[in-house]
Amino acid sequence: MIKKLIASALLGSIVMTGFAWADKNTQAATGSKADKVENIKKQLKVMFGGEEADKVVESDYPGLYEVTLGTEVVYISEDTQFLIYGNLIDRKNKIDLTRRAKETAEKAYSVKRKAILDKQDQTATIDFKAKDEKYVLNVFTDIDCPYCAKLHNEVPALNKEGITVKYYLFPRAGLKSASYKKAVSSWCADDKQDALTKAKNRQSIPSKTCENPIAAQYKLGQEIGVTGTPALVTEKGTLIPGYMPANILISRLKSEK
């Protein structure tokens with residue numbers, strides 16, 4: 001999301017460096033710190049096409065403000081002339097301030113992510129249920145993703161440990177791709193679990209179409225910060241990007257309880 005927002009901010013602007021921009025119409029607010037923050041929020045909303053920042057606070061560097069958008073962090077000068085996308089390092093104290101801010105943002109966003117997933121139609125996913133369910137793992141998956149297939153082959157091991165896997169279909173190549181068509185065929189199959197397993201194992205399945213939730217799930221994934229697959233989301237809303245071996249994943253879920 002952040003890259004798209006920055007790209008929109010650059011439209012009509014003069015690029016100063018690889019990670020900063022300038023606009024002749026920018027101006028610093030006078031008055032209290034609160035006034036300055038409100039001005040920055042107002043300018044950011046214009047830059048980002050109506051998207052509002054989740055948080056704007058003074059950074060540890062004088063004159064530079066820390067902006068949180070979802071789980072991403074950028075910096076902006078007080079007069080909103082310069083937007084910086086990169087890590088801010090405190091060399092004296094040997095602290096990666098951006099990494100620290102992102103970790104804080106991720107914890108806060110996990111709550112929001114959980115709330116969003118809790119509102120979803122629980123019958124609109126392809127589930128591999130554990131007999132003795134102790135955990136539910138939400139997985140955004142792509143039919144043609146090799147690491148998604150690798151994770152899927154470990155689902156029996158996860159089920160054995162009481163982990164139900166709830167699949168959301170997320171064709172990375174988009175809604176006009178071959179992966180999307182395979183996802184639709186899997187969803188529309190009489191036996192969704194069997195069709196999904198075969199498709200992930202590169203076996204052919206009958207081509208089918210029907211009313212399906214895949215476009216909505218693709219949008220949902222983008223909303224909660226999914227940028228690649230597999231993307232794992234725990235019951236507490238924690239996003240785990242990428243493949244994780246079953247034994248490590250089991251330990252991770254147990255430690256989160």
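Each value in this text was obtained by applying a stated rule to the coordinates, not by laboratory testing. None of the values given here were measured: they were computed from a predicted structure. Ideal geometry is used to build each Cβ from the backbone, glycine not excepted, and the neighbour counts take in all protein chains shown.
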Open item on the list: I want to verify a result. In a Gaussian network model of the chain, Cα cutoff 10 Å, which of these has the top mean-square fluctuation: 79, 121, 144?
Closed with: 121
Open item on the list: At a 10 Å Cβ-Cβ cut-off, how would you order 84, 95, fewest neighbours first?
Closed with: 95, 84
Open item on the list: List the pairs from 134/181; 42/114; 119/176 whose alpha-carbon separation is above 31 Å, in the order I gave them.
Closed with: 134/181
Task: Local electrostatic count at residue 229 - Lys and Arg +1, Asp and Glu -1, tallied over other residues with Cβ under 13 Å - done: +1
TODO: Please find, in a Gaussian network model of the chain (springs between Cα atoms separated by less than 10 Å), the residue of 202, 99, 91 whose mean-square fluctuation is greatest.
DONE: 91
TODO: Just add up the charged neighbours of residue 127: K/R +1, D/E -1, any other residue whose Cβ is under 11 Å from the Cβ of residue 127.
DONE: +2
Task: Built amide H within the under 5 Å cut-off of residue 126, gap 5+ - done: 167
- [ ] Write out the cysteines belonging to the chain for which the nearest other cysteine Cβ is not under 4.7 Å, or none if no such cysteine exists.
- [x] none
TODO: Of the listed pairs 150/208; 41/236; 160/182; 33/112; 45/219; 166/254, which have alpha-carbon separations greater than 19 Å here?
DONE: 150/208; 41/236; 160/182; 33/112; 45/219
Task: Tilt relative to the chain, helix 178-188 - C-alpha long axis, 0 to 90 degrees, to 10 - done: 50 degrees
Task: Surrounding net charge for residue 52, when Lys and Arg each add one and Asp and Glu each subtract one, Cβ distance under 14 Å - done: +1
- [ ] Based on other C-beta atoms within 10 Å, arrange 250, 89 from fewest to most.
- [x] 89, 250
Open item on the list: Among 162, 50, 225, which one shows the highest mean-square fluctuation when the chain is modelled as a Gaussian network with alpha-carbon springs under 10 Å?
Closed with: 50
Task: With Cα atoms, 0 to 90° folded angle of helix 97-118 axis to the chain main axis - done: 50 degrees
- [ ] Please label the shape of the chain as rounded, prolate or oblate, based on the square roots a ≥ b ≥ c of the eigenvalues of the alpha-carbon gyration tensor (a/c under 1.5 means rounded; beyond that, a/b larger than b/c means prolate, else oblate).
- [x] prolate
Task: Angle between the chain longest axis and helix 214-223 axis [Cα atoms, degrees, rounded to 10] - done: 30 degrees
